[in-house]
């Protein structure tokens, strides 16, 4: 039971820290919280983390198959780039037109849960991230190929992602309140974040530091966080 707690804690910590850097999904959750409220943003986050844990489960049992899906990953990269560019354009459009209060893409008629699931499912960035971390944890013998280990790991990942997104959801509301809900300014800022995200995506694709490269070099994904996470997991084990 104590070892399962260690696996749960490790998955939650990796997921929480991995959710903190600015990205398409957490910034989208922040914008939804500002425009549609906390409940809608949490539903969006639950949908996105469902797709994430499905990818994690696949990476645990089908690593060799995932490595061979180069064409699929390249297609998903272009789809993701198109979505991020559309989000940036929609935010800038709303900033330039005060009568438009919401991002057209995020204001889709789709339920927020399914919108989050779809946006997360077509985002290949999380695949090499979890592929790399699962490889590290298998190598360190923290994670073993057992059903109870997988379940504890995945539950921890889901909660970590939700907690990380909540930082953006409630942080976005605090920012909105601090500038008196000036949607004009918020749309410029959020549009800028999406634009920078798109530029980073283009840079990675041009430099070929994309999903396929990261799957072939999983150590690059975990670099800088690995020692800290492992030390914290060992500390949790001793409690």
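The values are calculated or read from the model by the stated rules, or taken from the named source; none is laboratory data. What you see is a predicted model; the values in this text were computed from it and never measured. Positions of Cβ are generated from backbone atoms using ideal geometry, with glycine treated the same way; all protein chains shown enter the neighbour counts.
Here are some notes:
- Filter pass, residue 38 being within 29 Å of residue 175 (Cα to Cα), at pLDDT 85 or above, surrounded by 18 or more Cβ atoms within 10 Å (Cβ to Cβ) and touching a helix residue (DSSP H, G or I) at 6+ places or on another chain (Cβ under 7 Å): no
- Among the residues here, residue 20 qualifies as surrounded by fewer than 16 Cβ atoms within 10 Å (Cβ to Cβ) and either under 16 Å from the mean Cα position of the chain (by Cα) or modelled with pLDDT of 85 or more (or both).
- Unmet criterion (only one of (1) at pLDDT 85 or above; (2) within 22 Å of residue 11 (Cβ to Cβ); (3) crowded, with 19+ Cβ neighbours inside 10 Å) for residue 87: (2)
- Filter result for residue 92 (in a helix (DSSP H, G or I), over 13 Å from the mean Cα position of the chain (by Cα) and modelled with pLDDT under 90): yes
- Note on the stretch 21-40: residues that are outside any helix (DSSP H, G or I) and more than 18 Å from residue 198 (Cα to Cα) total 1.
- Qualifying residue in the stretch 145-164 (condition: over 20 Å from the mean Cα position of the chain (by Cα) and not in a helix (DSSP H, G or I)): yes
- Residue 60 crowded, with 21+ Cβ neighbours inside 10 Å and either out of contact with any strand residue (DSSP E or B) (no Cβ under 8 Å at 6 or more places or on another chain) or in a helix (DSSP H, G or I) (or both): no
- Filter result for residue 118 (in contact with a helix residue (DSSP H, G or I) (Cβ under 9 Å, 6 or more places away or on another chain), at pLDDT below 85 and outside any loop (DSSP other than H, G, I, E, B)): no
- Some residue of the stretch 159-167 being more than 24 Å from residue 82 (Cα to Cα) and without any contact (Cβ under 8 Å) to a residue 12 or more places away in the chain: no
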